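Throughout, read-outs are computed from the coordinates displayed, never taken from laboratory work. As the structure is a prediction and not an experimental result, all values here were calculated from the model. Cβ coordinates were reconstructed from backbone atoms using ideal geometry, including for glycine residues, and neighbour counts include every protein chain displayed.
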Amino acid sequence: MLFVIHTRDKAGALDLRLANRQAHLDWLHEAGDRIKAAGPWLDGGDKPAGSLLIVEMGDRAELDAWLKQDPYAKAGLFDSVEAAPFKWVINAPEGTGA
């Protein structure tokens, strides 16, 4: 099952994000092909202000357990985290679309 995750960083937390960036990227790479898309969304000044992920997990419980292991989450970077099931319709990678 695909999920879309949208996180919003706490205000003024760019240094915290940068200090944990490599650990976060390593964590994402460990997930392998379960990561379908990932990257920061940017504020008006081209600085990261949160993250957007599309991931494949067995169910919501697996997703929630996995998200708790994110180095950004462990560092207290996020002001909010939203996650929901996602159906990729347009330009979906093979095996993920409608």
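Mean residue ellipticity at 222 nm from the helices of the chain, using -39,500 (n - 2.57) per DSSP H segment of n ≥ 4 over the full residue count, to the nearest 500 deg cm²/dmol?
Working: 3 runs with 29 residues, N = 98.
The helix contribution divided over the chain gives -8500 deg cm²/dmol.
Can you list the lysines whose alpha carbon is less than 18 Å from that of LYS47, not counting same-chain residues fewer than 8 positions off?
Within reach: LYS10.
Please report the spacing between the Cα centers of the stretch 9-24 and the stretch 46-82 in Å, no decimals.
After rounding, the separation between the Cα centres reads 13 Å.
Quick one, which of (i) 88; (ii) 102; (iii) 163 is the actual volume of the Cα convex hull per residue in Å³ calculated for this model?
Only one option fits the structure, namely (ii).
If packing is taken as the mean number of other Cβ atoms within 10 Å per residue, what is the order of 28-41, 48-61, highest first? All intermediate terms of the calculation are to be shown ahead of the outcome.
Numbers: 28-41: 12.8, 48-61: 16.4.
The peptides rank, most packed first, as 48-61, 28-41.
Rounded to whole Hz and in sequence order, give me ³J(HN,Hα) for the stretch 23-36 from the Karplus expression 6.51 cos²θ - 1.76 cosθ + 1.60, θ = phi - 60°, writing x for Gly and Pro.
5, 5, 5, 4, 4, 5, 4, 4, 6, x, 7, 6, 8, 9
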